[in-house]
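Below: one structure, written as structure tokens.
The values are calculated or read from the model by the stated rules, or taken from the named source; none is laboratory data. Owing to the predicted nature of the structure, the values given are computational and were not obtained by experimental measurement. Quick reminder, even Gly has a Cβ in these numbers, built from the backbone with ideal geometry, and neighbours come from all protein chains shown.
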Amino acid sequence: MKTRQPVGARAHLIPRRNRQLRSARRASIFLMTLICTMLISVIGLSAIFGVRAQRRIVNADVDLVRARAYAVSALELGLEQLTARSDWRTTLTPGTWVSDRSIGQGTYSITIADPADSDLANDADDPVRLTAYVSVHDSRYALQANVTPDNRAIEALRFAAHAASTVLTAGATLRANGGGLSSNIAITNGGTIQGDAEAGLVVNVAGTITGDRTNGTAAKDVPGSDVYDTYAARARSLPVTSLLERTVLSPNRNPFGLPSADGVYAISTNSDLVLRGVRIHGTLLVKLRSGARLTIDDSVLITPARSDYPALIVDGDATIGIHSRTKQLDEDDWSVNFNPPAAPYQGVANLNTNNAFPNEIQGLVLVTGGLTLEQTARVRGSVLVGNVLTVRGDNEIDYDATLYADPPEGFYDQFFHYTRGSLKQVAFPTD
């Protein structure tokens with residue numbers, strides 16, 4: 001049988017239970033507050049981390065956009081350099097051209113290649129492949145394009161003869177057939193000019209000019225020694241100092257040594273040099289010290305072996321004094337076979353000395369110094385003179401318009417444009 005405690009005996013337990021309930025309630029509230037605080041903290045940290053991650057994503061996107069824009073700019077810089085530097089084909093080699101240069105907030109490198117044959121120097125008309133590699137912070141972008149050369153002939157090639165200085169024709173005749181005569185300064189004509197004549201300052205009309213006369217024309221560039229150097233790098237040197245005569249040169253014939261496949265031969269001398277009794281099927285280069293002179297005497301025939309090469313380049317002063325109208329390059333006169341099997345003339349070769357050939361120069365002639373035309377010299381092509389052109393006798397230049405339409409290397413200004421459809425993103429190399 002259970003005993004009941006008196007009411008008074010249970011009364012003292014009520015406050016204790018209330019205290020326990022209040023303590024439990026406070027603990028529960030504290031726990032809930034702690035949990036809420038932790039949740040708020042986690043949410044806050046998640047938001048912060050999310051913002052940071054989002055910022056990194058946004059920054060990466062911005063950097064990639066910048067890298068892409070910088071790559072376009074880097075290719076444009078490459079195009080400008082190709083246009084500005086005339087020697088880049090001989091001074092650059094395939095591979096890295098520009099390395100880790102600053103651009104905006106990043107850096108760029110450029111590689112250059114020849115997609116045709118991997119040789120930058122062997123053909124001025126080959127396309128070029130440029131690849132720009134750009135880094136902006138952690139973003140990378142590589143852009144590639146082929147660029148094609150666009151050759152524009154120098155304006156001087158629009159004429160049968162052009163002189164960077166004056167033209168003097170005292171009592172002489174110059175027949176500028178088909179192309180006219182031009183000077184950057186003045187034409188002092190005391191003789192006869194058959195054809196048009198124009199000058200930067202004035203064309204003197206004391207003599208006779210059969211064509212139009214124009215004053216105040218723009219100056220035209222005449223190539224200098226750098227063009228000589230371009231072709232000299234491809235030439236066979238000849239051990240000649242003062243006289244070259246009774247000689248035949250061609251891509252397959254060089255009596256002094258190994259022949260040049262393109263028929264390019266060079267003479268460098270400190271003394272006056274005379275050419276006579278010579279047939280050259282190729283390009284002749286002559287470099288003279290200051291004060292020395294080249295004289296082309298009777299009789300010669302110079303024709304380029306390649307249609308895209310000039311016939312004669314003289315780095316210095318020259319006189320062309322051949323009698324084109326009255327004399328030929330006669331084998332009997334010189335006791336030389338001028339069309340042997342290794343150097344046929346217009347496809348014809350033999351082993352005798354019974355033939356005669358024109359006494360003239362066919363093709364483009366460049367003289368970086370002064371040039372004198374005398375006797376009845378004839379050039380079939382164009383003559384460019386870096387100083388004064390002096391005319392004596394009755395000379396003739398039959399202009400060849402193909403020289404302007406398709407100029408030899410070194411006689412054009414070269415520009416570059418993107419080859420259609422070649423601009424594309426490529427893989428960035430891994431470290």
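Below is a table of values for the structure above.
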| read-out | value |
| --- | --- |
| Residue that is within 23 Å of SER86 (Cα to Cα), modelled with pLDDT of 95 or more and either within 28 Å of the chain's Cα centre (by Cα) or surrounded by fewer than 15 Cβ atoms within 10 Å (Cβ to Cβ) (or both), where the choices are PRO239, PRO310, PRO255 | PRO310 |
| Residues being of a type in the set (Lys, Arg) and more than 21 Å from GLU331 (Cβ to Cβ) - total across the range 230-288 | 3 |
| Matching residues in the range 74-95 - criterion: being within 12 Å of ARG129 (Cα to Cα) and surrounded by fewer than 16 Cβ atoms within 10 Å (Cβ to Cβ) | PRO94, GLY95 |
| Residue list for the range 337-362, filter: in a loop (DSSP other than H, G, I, E, B) and surrounded by 19 or more Cβ atoms within 10 Å (Cβ to Cβ) | PHE338, ASN339, ALA343, ASN359 |
| Members of the range 106-129 found to be in a strand (DSSP E or B) and over 17 Å from THR91 (Cα atoms), listed by number | GLY106, THR107, TYR108, SER109 |
| Qualifying residue in the range 314-329 (condition: farther than 22 Å from VAL383 by Cα, part of a strand (DSSP E or B) and either modelled with pLDDT of 95 or more or polar (S, T, N, Q) (or both)) | no |
| The range 251-267 residues that are closer than 16 Å to PRO344 by Cβ, paired with ones that are of a type in the set (Asp, Glu) (beta carbon under 9 Å, 6 or more apart) | PRO251/ASP262 |
| Subset of the range 157-212 (residues that are buried (at least 24 other Cβ atoms within 10 Å of the Cβ), assigned to a strand (DSSP E or B) and not aliphatic (A, V, I, L, M)) | HIS162, SER182, SER183 |
| Within the range 132-148, considering residues that are buried (at least 18 other Cβ atoms within 10 Å of the Cβ) and under 25 Å from GLN414 (Cα atoms), the one nearest to the chain's Cα centre (by Cα) | VAL147 |
| Tally, over the range 384-398, of residues that are crowded, with 22+ Cβ neighbours inside 10 Å and either more than 10 Å from ALA176 (Cα to Cα) or in contact with a Gly (Cβ under 9 Å, 6 or more places away or on another chain) (or both) | 6 |
| Leading residue by the ranking (surrounded by the fewest Cβ atoms within 10 Å (Cβ to Cβ)) among those in the range 401-431 that are without any contact (Cβ under 8 Å) to a residue 24 or more places away in the chain and not β-branched (Val, Ile, Thr) | ASP431 |
| Any pair with Cβ under 7 angstrom, 6 or more apart, that starts in the range 71-84 at a residue that is farther than 14 Å from VAL426 by Cβ and ends at one that is among the aromatic types (Phe, Trp, Tyr) and not in a helix (DSSP H, G or I) | LEU79/PHE416; LEU82/PHE416; THR83/PHE415; THR83/PHE416 |
